[in-house]
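The values are calculated or read from the model by the stated rules, or taken from the named source; none is laboratory data. Keep in mind that what you see is a predicted model, and the values were worked out from it rather than measured. Here the Cβ positions follow ideal geometry from the backbone for every residue, glycine too, while neighbour counts run over all protein chains shown. For the accessible areas, the whole protein counts, side chains as well, though only heavy atoms, and no ligand, DNA or RNA atoms are used. Shrake-Rupley method; radii C 1.70, N 1.55, O 1.52, S 1.80 Å.
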Amino acid sequence: MPSVVAKTSFKSTPHSLVPTSTVPYSESRRSVPAEWAWSEATAAPAVDPTTATFAPLGYESGYQYPLLVWLHGDGANEQTLPQVMRHISVRNFVATAPRGVDGVASAFGWRQNADSIDAAEDAVFDAIEATGERFSLHPRRVFLAGSGSGGSMAMRIALRHPGRFAGVATLDGALPTSDALLCRVNELRELPMLLSACKQSPAYSEPQVCRDLSLLHSAGCSVAIRQYPGDDDLTTTMLADLNRWAMGIVCG
């Protein structure tokens, strides 16, 4: 059975996860590796208090890393990024996680309305730009992924801007249903997608997964699908499979 990443660990905590050792960015020091170790601290992150960034172990500035942009689920925030990356990979990616743009249950999430969608797009592309200024990234290996409402928002943003991403993945987040999502269908056929869901998920039911898969296949999209036992738990197996799917594209 897959291990469950406890939901309580994805809730907002009174502490901020911040790097205990960083190399300040500047043109003169760009080649210096930034080795990050994460710990609980009361201080806010030094760069952007609404965006977390994760640097891989053994970071090498001479290598262009894939970038994983993670959108957390409802009731969580950007501070969950280090825990998520420990189960995806601590070596394969630079990662960044913007905070959800809507307040949900004393934390944050991603609503599917015009204002929230625009704000989410700004948050994602701002995070990509800011991370690219600090780390060596491959410009054509940017992956967008999320859990729950974050997965739904990840799909929406990638479907609206397919040329900006190497792949998009949703974990227990249904495909949005409005605003002509497939209007860029020719470009979407070049965008790898991953749909992951738990068999008894109340948020992303098996019939809904089948409908989404049928819709995307009818448009000629490249879609991988993973199904897991249980309800809507985010498991270590889900995250490990996300790593394998993305690295299969990188190593293609």
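Checked against (1) buried (at least 24 other Cβ atoms within 10 Å of the Cβ); (2) touching a residue at least 60 places away in the same chain (Cβ under 8 Å), Leu195 passes all but a single condition, namely (2). Looking only at the stretch 89-105, how many residues end up being closer than 22 Å to Glu60 by Cβ, within 15 Å of the chain's Cα centre (by Cα) and surrounded by fewer than 23 Cβ atoms within 10 Å (Cβ to Cβ)? Here the count works out to 3. Taking Phe108, is it open to solvent by less than 20 Å² (accessible area, probe 1.4 Å) and outside any helix (DSSP H, G or I)? The answer is no for Phe108.
For the subset of the stretch 30-82 comprising residues that are in a strand (DSSP E or B) and at pLDDT below 90, which member is most open to solvent (accessible area, probe 1.4 Å)?
Glu40
Looking across the stretch 178-204, the residues that are closer than 21 Å to Ile117 by Cα and more than 20 Å from the chain's Cα centre (by Cα) come down to Ser178, Asp179, Ala180, Leu182, Cys183, Arg184, Val185, Glu187.
To keep it simple, each residue is scored yes or no on (1) in contact with a helix residue (DSSP H, G or I) (Cβ under 7 Å, 6 or more places away or on another chain); (2) farther than 21 Å from Leu194 by Cβ; (3) part of a helix (DSSP H, G or I).
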position	(1), (2), (3)
Ser116	no, yes, yes
Val124	yes, no, yes
Glu133	no, yes, yes
Leu144	yes, no, no
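Evaluation of Gly248 against the conditions (1) at pLDDT 95 or above; (2) farther than 20 Å from Val124 by Cβ; (3) open to solvent by less than 10 Å² (accessible area, probe 1.4 Å) shows that the sole unmet condition is (3).
Of the residues screened, Ser214 is one that is more than 24 Å from Asp74 (Cβ to Cβ), open to solvent by 30 Å² or more (accessible area, probe 1.4 Å), among the hydroxyl-bearing types (Ser, Thr, Tyr) and out of contact with any strand residue (DSSP E or B) (no Cβ under 8 Å at 6 or more places or on another chain).
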